[in-house]
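What follows is calculated from the coordinates using simple rules that are stated; it is not laboratory data. Small disclaimer: the values here were computed from a predicted structure and weren't measured. Cβ sites come from the backbone with ideal geometry, for glycine too, and all protein chains shown count toward neighbours.
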Amino acid sequence: AVLADQIAAGEVIENPAAVVKELVENSLDAGSHRIDIILEESGLATIQVIDDGSGIAVDDLALAFKRHATSKITGKKDLFRVQTLGFRGEALPSIASVADVIVESKTTAASAGAMIHLRGGEILVQEAAASRQGTQITVRDLFFNTPVRLKYLKSPNTELANITDIVNRLALGHPEVAFSLTHNGRSLLQTVGNGKLQQVLSAIYGVTTARQMIPVGRQDQDFQISGFVSLPKLTRASRNYISLLINGRYVKSHTLLRAVAAGYGSKLMVGRYPLAVLNIELDFQLVDVNVHPTKQEVRISKEEQLAQLIKAAIQASLASENL
Ligand code: ADP
Ligand code: MG
């Protein structure tokens, strides 16, 4: 089992950012209101994620580390309408197979919690613990037993930038959740979780809506788009400042990125891109997230229709500002 988990880890867990993404997505799936992410040494020494979500029942704690054990989908039919960020049951076993992992968790119903300690996929300790409500996962010594993976990591600064990038986008997709990200004792991000996207935008990019960002909102019978895009004068030299979230899941889509730029038309200079956050709500049946283990590639039915809607939405918002 450990070998299969290590192979899966090769697909799901490429770098510290992938660990952070999977853990935070689990916290979001657990309905957390507050998620604290604490890193040491770009996540290579420690990644800790603390949430106040539903918690894991004592009897399910070891099960959560079994491959394809997911509490989130029960039948094949669910696979075509995934509402949670996770559903493959691969992340925890994959992470535990290549690191030292301690989980402490307690559900609301239980009077006491439990902890489990695994290293390289083997359970070392499992015992009762006086935990607080929610889940706390600590991942240490990532890739200690896969030296090749360790060797191919980027510089600590790049790995940290990748983590920050993923946390930023998860925070943008969930303004109702209070996020904090701390690295080597220094705070890198703090959102208040008041449900306002403006607050998250200002925490991450330092931009204030009204002066630099304009609201976007439009819908048709299939899609509902809301968010903010920057004034044409506020641009960046890379597409990385465009975040597209589909039902709260950050996705990569060239077609949709192109649609954002197309909304600006000739107002964008060559090689410049806007800052934009668009949350797109659609029926869960219109999106297939089961395309790639990292779940960032999705297949959207009617993607061309959505692209046109994004373009029209941005055009309308710019026009309403006489831009
Ligand atoms: P998946 O998210 O695809 O179901 P994971 O390996 O990421 O698989 O997690 C396995 C299971 O562990 C989840 O289905 C969930 O039941 C439980 N779990 C993991 N993290 C948390 C958390 N932070 N809060 C509550 N339950 C969790
Ligand atoms: Mg998961």
Cα pair distances in region 222-271, grouped into 5 Å bins until the bin that holds the longest one, percent each: 4, 16, 31, 29, 12, 7, 1
For ARG272, net neighbour charge (Lys/Arg +1, Asp/Glu -1) across residues whose Cβ lies under 11 Å away: +4
Exposure proxy order (Cβ contacts within 10 Å, fewest to most) of GLU22, GLU127: GLU127, GLU22
Relative contact order %, the chain, counting alpha carbon pairs below 8 Å whose residues are six or more apart: 16
Dipole magnitude of region 207-320, debye to nearest 20 (Cβ charges: Lys/Arg +1, Asp/Glu -1, about Cα centre): 620
Quarter of the Cα convex hull surface for the chain, i.e. its orientation-mean projected area (nm²): 16.8
Part-to-part distance (alpha-carbon centres) for region 250-322 and region 140-215, which is given in Å: 21
Karplus-derived HN-Hα couplings along region 156-163 (A = 6.51, B = -1.76, C = 1.60, θ = phi - 60°), whole Hz, x at Gly and Pro: x, 5, 5, 4, 5, 4, 5, 5
Projected area averaged over orientations for region 164-309, convex hull of C-alpha atoms, nm²: 9.4
Convex hull per residue volume in Å³, alpha carbons only, for region 96-154: 77
Farthest toward positive dipole pole in region 2-190 [+1 Lys/Arg, -1 Asp/Glu at C-beta], among ILE38, VAL82, ALA99: VAL82
Across LYS252/LYS311; LYS21/LYS252; LYS72/LYS302; LYS21/LYS66, pairs whose alpha-carbon gap is larger than 21 Å: LYS72/LYS302
For region 145-273, size of Cβ-based charge dipole, Lys and Arg +1, Asp and Glu -1, in debye: 440
Translational diffusion coefficient (Stokes-Einstein; Kirkwood radius from C-alpha pairs) of region 2-190 at 4 °C, 1.567 mPa s, in µm²/s: 78
Relative packing of 37-45, 151-159, 196-204, which averages over residues the other C-beta atoms within 10 Å, highest first: 37-45, 196-204, 151-159
Percentage relative contact order, region 166-323, counting C-alpha pairs under 8 Å, at least six apart: 22
Formal net charge of residues neighbouring MET213 (Cβ-Cβ distance under 14 Å; K, R +1; D, E -1): +3
Point-charge dipole on Cβ atoms (K/R +1, D/E -1) for the chain, about Cα centre, debye to 20: 1080
